[in-house]
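Okay, structure first, notes after.
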Amino acid sequence: MKLPSVLADALALPVDQRVQLVGRLLESLDESDAVDAAVWEQSWIDEINRRIAELDAGSTELIPAETVFAELRERLDDQTG
């Protein structure tokens, strides 16, 4: 199986099944491949704080989810041809 095909099938799943799939994929990584949970969590906290600061400073704007998902679908369609 090719990744674009698997990805397209996965993205066609209902949200609850995609969440289950992500969980299974993460569980499949052995400890040598997994990022330390504390480091990962701190990285996300830092990223969230950075984004909040940008919003508070007015240096960035929010983009509606519908717009983001439409652009992602278009990019994926372009890549998978």
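Numerical summary
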{"quantity": "Selection from segment 13-24 of residues that are within 19 Å of LEU72 (Cα to Cα), loosely packed, with under 12 Cβ neighbours inside 10 Å and under 15 Å from the mean Cα position of the chain (by Cα)", "calculated": "VAL15, VAL19, VAL22"}
{"quantity": "Count of segment 23-56 residues which are at pLDDT 90 or above and among the aliphatic types (A, V, I, L, M)", "calculated": "5"}
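The values are calculated or read from the model by the stated rules, or taken from the named source; none is laboratory data. Small disclaimer: the values here were computed from a predicted structure and weren't measured. Glycine also receives a Cβ, built like all others from the backbone with ideal geometry; neighbour counts cover every protein chain displayed.
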